[in-house]
Amino acid sequence: MALITGAASGIGRAAALRLAADGLRTSCFDLDAAGVAETVDAVVGAGGEALAIEGSVTDEVAAKNAVAATIDHFGSLDVLVNVAGIGHYSHADTETLEAWNRTIEVNLTGMFLMCRSACRNSWSAVAPS
Ligand SMILES: NC(=O)c1ccc[n+]([C@@H]2O[C@H](COP(=O)([O-])OP(=O)(O)OC[C@H]3O[C@@H](n4cnc5c(N)ncnc54)[C@H](O)[C@@H]3O)[C@@H](O)[C@H]2O)c1
């Protein structure tokens, strides 16, 4: 079973379709509820099985709940794909601290929260022997 963040569009949607084609059941997690529903429809339309989960990777509780919902629905979590992200081009002399912090929050802290939640719930898969 796979959990894909940023699954409402772009790389995340493509990953969901590809993993489903490879036989994985997928949880599709994104801020964009309409987009993630479209991804789930596309996966199901292609013969796969998918679950839509709306939320932000920057929200500690939402990250935890996304992992829990995946395990509740599919029985396990084997693959986490961290695609949710934001980006823009700017120059250091004009970039605002607010925009910088938001980028770090989504792209870095969000990935940390998702990895931590997945490890805590599937620890046997990553614990050193
Ligand atoms: N497409 C490229 O060629 C490319 C190249 C280099 C880096 N990237 C980066 O890879 C990431 C994905 O690229 P993409 O082209 O699929 O972008 P995209 O904008 O199509 O998809 C990003 C997805 O992440 C979701 N998202 C944003 N913030 C979120 C949050 N806090 N919680 C949950 N979901 C959130 C968005 O709703 C969107 O569905 C982006 O960070 C992008 O900057 C893309």
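The values are calculated or read from the model by the stated rules, or taken from the named source; none is laboratory data. This structure is a prediction, so every number in the text was calculated from the model and none was measured. Cβ sites come from the backbone with ideal geometry, for glycine too, and all protein chains shown count toward neighbours. All accessible areas refer to the heavy atoms of the entire protein, side chains included, with ligands and DNA or RNA removed. Shrake-Rupley method; radii C 1.70, N 1.55, O 1.52, S 1.80 Å.
Could you list, in sequence order, all residues of segment 2-20 that are open to solvent by 40 Å² or more (accessible area, probe 1.4 Å) and either more than 9 Å from the ligand (Cβ to nearest atom) or free of Cβ contacts under 8 Å to residues at least 12 places away in the same chain (or both)? Result: A14, L17, R18.
Restricting segment 21-60 to residues that are part of a strand (DSSP E or B) and not small (G, A, S) leaves a set whose member that is surrounded by the most Cβ atoms within 10 Å (Cβ to Cβ) is F29.
Identify, please: which residue in segment 61-86 is over 16 Å from A8 (Cβ atoms) and within 16 Å of the ligand (Cβ to nearest atom) and is, among those, most open to solvent (accessible area, probe 1.4 Å)? Selected residue: K64.
Of all residues in segment 21-33, those satisfying the criterion of being in contact (Cβ under 8 Å) with a residue 40 or more places away in the chain and within 7 Å of the ligand (Cβ to nearest atom) are F29, D30, L31.
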